[in-house]
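Worksheet: one structure, shown below.
The values are calculated or read from the model by the stated rules, or taken from the named source; none is laboratory data. None of the values given here were measured: they were computed from a predicted structure. Cβ sites come from the backbone with ideal geometry, for glycine too, and all protein chains shown count toward neighbours. Accessible surface is based on the protein model in full, side chains and every heavy atom, while ligands, DNA and RNA are left aside. Shrake-Rupley method; radii C 1.70, N 1.55, O 1.52, S 1.80 Å.
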Amino acid sequence: MKFTDKKTRLRFEYRHGCDRTQLDLGCDNLFVPEYVPKKDDVIIDVGAHIGTFALNAAIIVPRGKVYAI
């Protein structure tokens, strides 16, 4: 199955039976209100699952690093 995020234009392919709601973040702010990421921040996504958050975070920190573990 295929899915394109309307906001980021990231395209995902996932196996049939996967929960599509895990791919659709559906919010403007991925982070807690106290944290505003800078373009060169390092973000660690602990429990990354299929990496949806990590891919979106990578767009927000283009000069930084995102580790998905």
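Some values worked out for this structure:
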read-out	value
Any pair with Cβ under 7 angstrom, 6 or more apart, that starts in segment 41-52 at a residue that is under 18 Å from R11 (Cβ atoms) and open to solvent by less than 90 Å² (accessible area, probe 1.4 Å) and ends at one that is among the polar types (S, T, N, Q) and part of a strand (DSSP E or B)	none
Of all residues in segment 1-49 being at pLDDT below 80 and of a type in the set (V, I, T), the one that is nearest to the chain's Cα centre (by Cα)	T8
